[in-house]
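The values are calculated or read from the model by the stated rules, or taken from the named source; none is laboratory data. It should be emphasised that the depicted structure is a prediction, and the values quoted were computed from it without experimental measurement. Every residue, glycine among them, receives a Cβ derived from its backbone with ideal geometry; neighbour counts consider all protein chains shown.
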Amino acid sequence: MPHLSGQVTPWGPLINVVVGVSGPRQQALVLASQPIPPGIVAKLVVDTGASLTSIDSTILAQLALPPTGQVAIHTPSTQGNPHSANQFDVSLVIFGTSANTLVYNIAALPVIDGNFKAQGIDGLLGRDVLSACRLTYSGHDGMYLMSF
């Protein structure tokens, strides 16, 4: 079973992923003889409280992705009132401790945008992705393990 492990940071489990245009968008760009933007490495906090994965809007802009719609979301700061977030389709690749070890690949994942750069991160890895893995969080050891 492919896995990824690391130390728990002050933000919690922090992993690097590669965010790119979705598989269907890649196919459309190829058919239109357009270049495919390269994937972007993003630092995401593993967030079991987030139902959806959220990516910083600057990364989505670098990929020149158009929004596919809007989603009403609730966060602790919205105090019960939904906040509207833009939704985008991306590809998401997770590598192991070696950049050559593919752990998990999603060709098309709907994500929402957010503003995370000021916090020193690029987004949140939500339960939409975590539902495909086993997550072990060892606070005593300051380590985590994700198996897909």
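A few notes on this one:
- Residues being out of contact with any strand residue (DSSP E or B) (no Cβ under 6 Å at 6 or more places or on another chain) and surrounded by fewer than 17 Cβ atoms within 10 Å (Cβ to Cβ) - total across the stretch 9-23: 2
- Here Asn105 clears all of (1) over 13 Å from Gly12 (Cα atoms); (2) in contact (Cβ under 8 Å) with a residue 40 or more places away in the chain except the condition numbered (2).
- The stretch 17-40 residues that are farther than 15 Å from Val93 by Cα, paired with ones that are charged (D, E, K, R) and outside any loop (DSSP other than H, G, I, E, B) (beta carbon under 8 Å, 6 or more apart): Pro24/Asp89; Arg25/Asp89
- Residue in the stretch 26-40 that is exposed (fewer than 15 other Cβ atoms within 10 Å of the Cβ), β-branched (Val, Ile, Thr) and assigned to a loop (DSSP other than H, G, I, E, B) present: yes
- Residue list for the stretch 104-120, filter: within 18 Å of Val71 (Cβ to Cβ) and either surrounded by 17 or more Cβ atoms within 10 Å (Cβ to Cβ) or of a type in the set (Val, Ile, Thr) (or both): Ile106, Leu109, Val111, Ile112, Asp113, Gly114, Phe116
- If the condition is being modelled with pLDDT of 95 or more, under 17 Å from the mean Cα position of the chain (by Cα) and not in a strand (DSSP E or B), then the stretch 1-25 contributes Ser22, Gly23.
- Check on Gly114, in contact with a Phe, Trp or Tyr (Cβ under 6 Å, 6 or more places away or on another chain) and either closer than 18 Å to Ile55 by Cα or modelled with pLDDT of 95 or more (or both): no
- Scanning the stretch 121-140 for residues that are exposed (fewer than 14 other Cβ atoms within 10 Å of the Cβ), modelled with pLDDT of 95 or more and not in a strand (DSSP E or B) turns up Ser131, Ala132.
- Total residues in the stretch 49-75, condition closer than 20 Å to Ala28 by Cβ and either in a loop (DSSP other than H, G, I, E, B) or free of Cβ contacts under 8 Å to residues at least 12 places away in the same chain (or both): 7
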